[in-house]
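The values are calculated or read from the model by the stated rules, or taken from the named source; none is laboratory data. This structure is a prediction, so every number in the text was calculated from the model and none was measured. Here Cβ is always computed from backbone atoms with ideal geometry, including for glycine, and neighbour counts include all displayed protein chains.
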Amino acid sequence: MTVTLEVRNLRTHFFTRAGIVKAVDDVSFKVERGQVLGLVGESGSGKSVTGFSIIGLVDPPGRLAGGSILYRGQDLAKISEEEMRSLRGNRIAMIFQDPMMTLNPVLRIDTQMIEAVQAHTNASHSEAWTRSRDALGMVGIPSPEERLRSYPHQFSGGMRQRVAIAIALLHNPDLLIADEPTTALDVTIQAQILAEVQKLATEHGTALIWITHDLSVISGLADRIAVMYAGRIVEAGEASTVLDRPAHPYTHGLIGSVPSRNKKGEKLRQIPGMTPSLLNLGVGCAFRTRCARATAVCEQEPPETLIPPERIVRCFHPMQDVAA
Amino acid sequence: MLTWIVRRLFQAFFVVVAMTVIVFVGVHVIGNPVDILISPEADQAERARIIAEMGLDQPLWKQYFFFVNDVLHGNMGRSFVFNEPALKLIGSRMPATLELAVTAVLFSICFGVPLGLYAGLKPDSVAGRAIMAGSILGFSLPSFWVGLMLIMTFAVHLGVLPSTGRGETAAMFGIQWSFLTWDGLRHMFMPALNLSLFNISLVLRLTRAGVRETLPMDYIKFARAKGLTPRRVILVHVLKNIMIPVVTVVGLELGSTIAFAVVTESVFAWPGMGKLIIDSINVLDRPVIVAYLMMIVLLFITINLVVDIIYTILDPRVRLETKA
Ligand SMILES: Nc1ncnc2c1ncn2[C@@H]1O[C@H](COP(=O)(O)OP(=O)(O)OP(=O)(O)O)[C@@H](O)[C@H]1O
Ligand code: SF4
Ligand SMILES: [Mg+2]
């Protein structure tokens, strides 16, 4: 299998007046062709910023502060803005969280799709139109020819997200970053969209990074799972292993708070406490204020340890046996 | 849509009626035009003849009744001073004011939008801050003073631009226009700039505010994620959103620009309606005042109507509501 994207020691920091916010701090992961990586974590853990870092859209005061983003061996952190632009929306695409906000309210759907086609090809207007229509049909929008003439406000949230997905898939990207694209939608539509994106991604061998704060959404979808906490990946490994035998106390807590995984009548287990502020986060395990297993040693930086065969965990007292 | 227009016209009619009543009473209260218009040497018989000719011997309500009767027969009254139809008098001065006001409004767009865009895109740059500081001056400096300063600088010291009059004119549709000749344009530049200063500041600040508001929107980020060039993102996605308030304000300002051209016309001796109305007020030339104000009211109403229509074209969300 070929590796589509490899992120190594990525750091994305926001240099605010109040101090440095280390939104992404030493994050590494890999996604292979046709594979689905679930990036999971609570609100504010740095999932979106990770996605924007890959696609090169981190807004000031934020910027990449280190690490490399290897897309097919090419470091995206080092290429020019114009080179990055030609990859964006073309080889690397992204779908956003809130479908109500992702389409420009004053431009018709055809305008917004045709420009996306023409940004990366020399297609004529009518060719671009045909491609747009077919793309809308593919994501299950009825009478796409008519819908192309509509404005975003004439669509429901689910339909808008389909349009955004159609736009993201226009150029059959090698990598699709889906940033919680179903969070704002009904449960039934969530499931539909999830299944459709997965189908389209598998058909074209697209590597998929599915960002979510809800483990249950991706438990059946992801090949691998990376759990993020306070800007770091605290556990990463094969999806079924991580879900069945979590090694990091935080992952364990996340799984406990998923309703379907609790026995009937049993109280939902919540992780106590709140996500710490990322502003001037000191050394030591960021989870220690909420962790039941915390000891004095957790005041120091937990090392990355390997759980055979290939799971990574960042904890002094993991809940599974580590390599000797 | 149609009922809406009819309702607007109906409102307009009542405004005009109210206007004529107010002006009739107002002019009557201020003073008697007879004292100003008839030379002191005229004898009693001569005086009585002229007063009767103007209809000023009748009670006010009767005068008003005759006036309305005349208007219904397409006759807006004759100027006491020039003994010409008031409408014709205003009409002969209107092109000068119209071209001045339209040029001023064009100036406000041509200078205001680019400056505002720049200040919005680079809010922290020295130039961006300078533009904003300059716009405060544009708001607060009195128009006549700026006009005089312009004359001092460009006409007196540098001697590059003429300071008074319309210059050479050329005919189009049987009307004399300054903008058709080079000399006319040179004459128009300073008064138009003077008249547009307030509007430039207004448009500039609106544009900047719009840019600041639009840039952080998700749909702008999504447009960039599609791989569009920065140029297209700004000129299409950002600008189209900003044009809605800018067009509204510029359109509405056209009316007041025409109405308040009085000061500029006086400073630059520009022979437009503004100058005519000032002179007419001085001699209480009631037919001219009434005709002028009626025309201004109609103008305002027309402009408001047109702006509302353009607004619905620009903003698809409004269009839907008026249809439904
Ligand atoms: N423009 C910014 N300025 C300062 N800090 C920022 C900025 N954008 C993001 N951050 C910080 O980065 C951190 C991570 O944000 P991010 O949006 O990636 O979280 P997330 O995991 O996607 O959460 P959510 O589930 O709410 O989308 C946040 O804690 C926030 O404080
Ligand atoms: S390092 Fe310590 S505090 Fe952090 S998760 Fe592990 S046990 Fe808990
Ligand atoms: Mg997010």
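Of the conditions (1) surrounded by fewer than 16 Cβ atoms within 10 Å (Cβ to Cβ); (2) more than 26 Å from B:Thr264 (Cα to Cα); (3) touching a Leu at 6+ places or on another chain (Cβ under 9 Å); (4) not charged (D, E, K, R), B:Gly128 fails just one. Which one is it?
Checking B:Gly128 against (1) surrounded by fewer than 16 Cβ atoms within 10 Å (Cβ to Cβ); (2) more than 26 Å from B:Thr264 (Cα to Cα); (3) touching a Leu at 6+ places or on another chain (Cβ under 9 Å); (4) not charged (D, E, K, R), the one that fails is (1).
Do the conditions hold for B:Ser256, that is, is it in a helix (DSSP H, G or I), among the small types (Gly, Ala, Ser) and within 12 Å of the chain's Cα centre (by Cα)?
yes
Which number in (1) within 16 Å of ligand 3 (Cβ to nearest atom); (2) surrounded by fewer than 17 Cβ atoms within 10 Å (Cβ to Cβ); (3) in a strand (DSSP E or B); (4) not basic (Lys, Arg) marks the one condition that A:Ile20 misses?
With respect to (1) within 16 Å of ligand 3 (Cβ to nearest atom); (2) surrounded by fewer than 17 Cβ atoms within 10 Å (Cβ to Cβ); (3) in a strand (DSSP E or B); (4) not basic (Lys, Arg), A:Ile20 is out only on (1).
So if I check each of A:Ser28, A:Ser45, which one is touching a residue at least 40 places away in the same chain (Cβ under 8 Å) and within 12 Å of the chain's Cα centre (by Cα)?
Answer to the check: A:Ser45.
Any chance you could count how many residues in region A:45-75 are within 15 Å of ligand 1 (Cβ to nearest atom) and over 30 Å from B:Lys122 (Cβ atoms)?
2
Just give me the residues in region A:102-117 being at the interface with chain B (Cβ under 9 Å from one of its Cβ atoms) and more than 13 Å from A:Tyr151 (Cα to Cα), in sequence order.
A:Glu115, A:Ala116
So, of the residues in region A:178-201 that are among the small types (Gly, Ala, Ser) and more than 16 Å from ligand 3 (Cβ to nearest atom), which turns out to be nearest to the chain's Cα centre (by Cα)?
Ranking the candidates gives A:Ala201 first.
Find the residue count for region B:188-247, including only residues that are within 14 Å of chain A (Cβ to nearest Cβ), under 27 Å from B:Asp308 (Cα atoms) and not hydrophobic (A, V, I, L, M, F, W, C).
So the count comes out to 9.
Quick one: in region A:1-44, which of the residues that are acidic (Asp, Glu) and more than 9 Å from ligand 1 (Cβ to nearest atom) is nearest to A:Gly67 (Cα to Cα)?
A:Asp26
State all residues of region A:123-172 that are farther than 19 Å from A:Glu203 by Cα, polar (S, T, N, Q) and within 14 Å of another protein chain (Cβ to nearest Cβ); if no residue qualifies, say none.
Within region A:123-172, A:Ser150, A:Gln154, A:Gln161 meet the criteria.
One line per residue, one yes/no per condition, for (1) within 14 Å of chain B (Cβ to nearest Cβ); (2) of a type outside the set (Val, Ile, Thr):
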position: A:Thr4; (1), (2): no, no
position: A:Ala23; (1), (2): no, yes
position: A:Arg33; (1), (2): no, yes
position: A:Gly51; (1), (2): yes, yes
position: A:Ile54; (1), (2): yes, no
position: A:Arg63; (1), (2): no, yes
position: A:Gly67; (1), (2): no, yes
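Please pick out the residue among A:Glu146, A:Glu203 that is out of contact with any helix residue (DSSP H, G or I) (no Cβ under 7 Å at 6 or more places or on another chain), more than 29 Å from A:Leu70 (Cα to Cα) and either surrounded by fewer than 20 Cβ atoms within 10 Å (Cβ to Cβ) or of a type in the set (S, T, N, Q) (or both).
A:Glu146
Does region B:283-305 contain at least one residue that is at pLDDT 80 or above and among the small types (Gly, Ala, Ser)?
Yes: region B:283-305 contains one or more residues that are at pLDDT 80 or above and among the small types (Gly, Ala, Ser).
Here is a yes/no grid of residues against (1) within 16 Å of ligand 1 (Cβ to nearest atom); (2) touching a Cys at 6+ places or on another chain (Cβ under 7 Å); (3) of a type outside the set (Ser, Thr, Tyr); (4) outside any loop (DSSP other than H, G, I, E, B):
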| position | (1), (2), (3), (4) |
| --- | --- |
| A:Arg162 | no, no, yes, yes |
| A:Ala166 | no, no, yes, yes |
| A:Ile211 | yes, no, yes, yes |
| A:Ala222 | no, no, yes, no |
| A:Ala226 | yes, no, yes, yes |
